[in-house]
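The values are calculated or read from the model by the stated rules, or taken from the named source; none is laboratory data. On a predicted model such as this, the values are computed, not experimentally measured, just so you know. As a convention, Cβ positions derive from the backbone with ideal geometry for all residues, glycine included, and neighbour counts pool all protein chains shown. We work out accessible area using only protein heavy atoms, side chains counted, and drop any ligands, DNA or RNA first. Shrake-Rupley method; radii C 1.70, N 1.55, O 1.52, S 1.80 Å.
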Amino acid sequence: MSERKYRIAVLPGDGTGPEVTAEAVKVMKTAAEKFKFQMEMKDFDWGGDRYLATGNVLPDDAVHQLRKFDAILLGAIGHPKVKPGILEKGILLKLRFDLDQYINLRPVKLYPGVETPLAGKTPEDIDYVVVRENTGGLYTGVGGISMKGTPHEVAIQSMVYNRHQVERCLRYAFDLVCRRHSSGKPWKGLKEKDVKEGKIGQLTLCGKTNVLTFVFDLWERAFYEIAREYPQVKTDYCHVDATCMWMVKNPDWFDVIVTENMFGDIITDLGAITQGGMGIAAGGNINPKGISMFEPIGGSAPKYTGLGVINPLAAICSGAMLLDFIGESEAADSIEKSVELATSTKLKSMAAGKMGYSTSEVGTMVAENI
Ligand code: IPM
Ligand code: MN
């Protein structure tokens, strides 16, 4: 009998969240059978409907309950009948902060057969990872508003970082570069001279050192200090505005990008659209030594709720990232291969309603090819 047994908390959430989550669960369960491990899954109804019915966004002991699991699979948070901010802050951001998921890992990878809006770009060109710091910066909520409602009202929201937060994020990113290229060939974007010097991959710090001269002074100093511990990683720096430009024009220049929270939020939506859109973009909120939470990076897409037309691949890929995180990397790879087969030979489009298949047909197709 298999000794590998995991407990997964499933938060389907709002809108189309439950539909895509069901397909991710279907695929993960198939992978568990094939790769001979066990998963005990428990559903939680946290989201907009529960809030509207009870007035509570989360039960008081929510975080305590989640601590009993190995990982969390999340569908989507966001309900058209709930004022923006309540569920996002009360559920998503609260869990990220309370479980100290200080990394938001967002691969930007164009799968074969997927259409990108970047003219002439192929899967060869678009394959990098964004490491978004996930518990600091503007998202800390430090700030306030005074004289509200008067002509002199003042609003402040501060980008707050301490050295500890910056360092742990940078170290994760440097380690990730090493993991990405640990076996076999160095990253193909390196120059011959870099390879001769022993480099295996590249880490780009995305910042704004020309304007945000306090916060990015801290990031930049920490970046180059830590870089000395990683002589095999080539370092690179890009301002955030230029990063957006290069992500469109020369995405092949990137291997791993590390950045602060809000910049990471913005550039990963850009990254997602270059890889085919929200239907395919997956991510993980990671606490490397704790409980991580995996979610498609798109929202709840409420207008498609219940129609069976939403693309579940982002959720399925998030499930694969979850399995990789808990140590089932063979299962994760096999799901990814099956997704590639589906995008390259079956799906007509990544967009809702245009896939040529229903949500559950896509899930079944991926499950069958594991
Ligand atoms: C994301 C989302 C969230 C964020 C929102 C819903 C709070 O946009 O996961 O990127 O800003 O982090
Ligand atoms: Mn976002």
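Under 8 Å for C-alpha pairs, at least 6 residues apart: give me the relative contact order for the stretch 39-158, rounded to a whole percent.
Once normalised by length, the contact order is 17 percent.
To the nearest µm²/s, what D does Stokes-Einstein give for the stretch 117-274 at 20 °C and 1.002 mPa s, using the Kirkwood radius over alpha carbon pairs as Rh?
127 µm²/s
Show W219, W187, W253 ordered by accessible area, largest first, where the area counts protein heavy atoms only and the probe is 1.4 Å.
From most exposed to least exposed: W253, W187, W219.
For the stretch 117-274, with every protein chain kept in place, what is the accessible area per residue (1.4 Å probe, Å²)?
Here the residues of the stretch 117-274 average 49 Å² of exposed surface.
Take the Cα gyration tensor of the chain, multiply each eigenvalue by 5, square-root it, and list the three semi-axes largest first, rounded to whole angstrom.
The equivalent ellipsoid of the chain has semi-axes of 30, 28, 21 Å.
Restricting to lysines 8 or more places apart or on different chains, can you count the pairs in the stretch 110-212 with Cα atoms under 19 Å from each other?
For the stretch 110-212, qualifying lysine pairs total 7.
Would you please state the base-10 log of I(q)/I(0) at q = 0.18, 0.23 1/Å for the stretch 134-224, with intensities from the Debye formula using one equal scatterer on every alpha carbon?
Rounded to two decimals, the profile gives -0.91, -1.12.
What is the distance, in nm, between label points placed 7 Å from the Cα along the Cα-to-Cβ direction at I266 and at K193?
If labels sit at I266 and K193, their model points lie 3.3 nm apart.
Could you tell me what percent of the accessible area of the chain is made up of carbon and sulfur, with a 1.4 Å probe and every protein chain present?
After summing per-atom areas, the C and S share lands at 53 percent.
As a test of the formula, what do you get for the chain when each DSSP H run with n ≥ 4 contributes -39,500 (n - 2.57) and the sum is divided by the residue count, at 222 nm and rounded to the nearest 500 deg cm²/dmol?
-11000 deg cm²/dmol
If packing is taken as the mean number of other Cβ atoms within 10 Å per residue, what is the order of 114-124, 350-360, 4-14, highest first?
In decreasing order of mean packing, 114-124, 350-360, 4-14 become 4-14, 350-360, 114-124.
Taking square-rooted eigenvalues a ≥ b ≥ c of the alpha carbon gyration tensor, is the stretch 23-146 rounded, prolate or oblate, where a/c under 1.5 means rounded and, failing that, a/b exceeding b/c means prolate?
oblate
How big is the accessible area of Y224 in square angstrom, nearest 10, if you roll a 1.4 angstrom probe over the protein chains?
90 Å²
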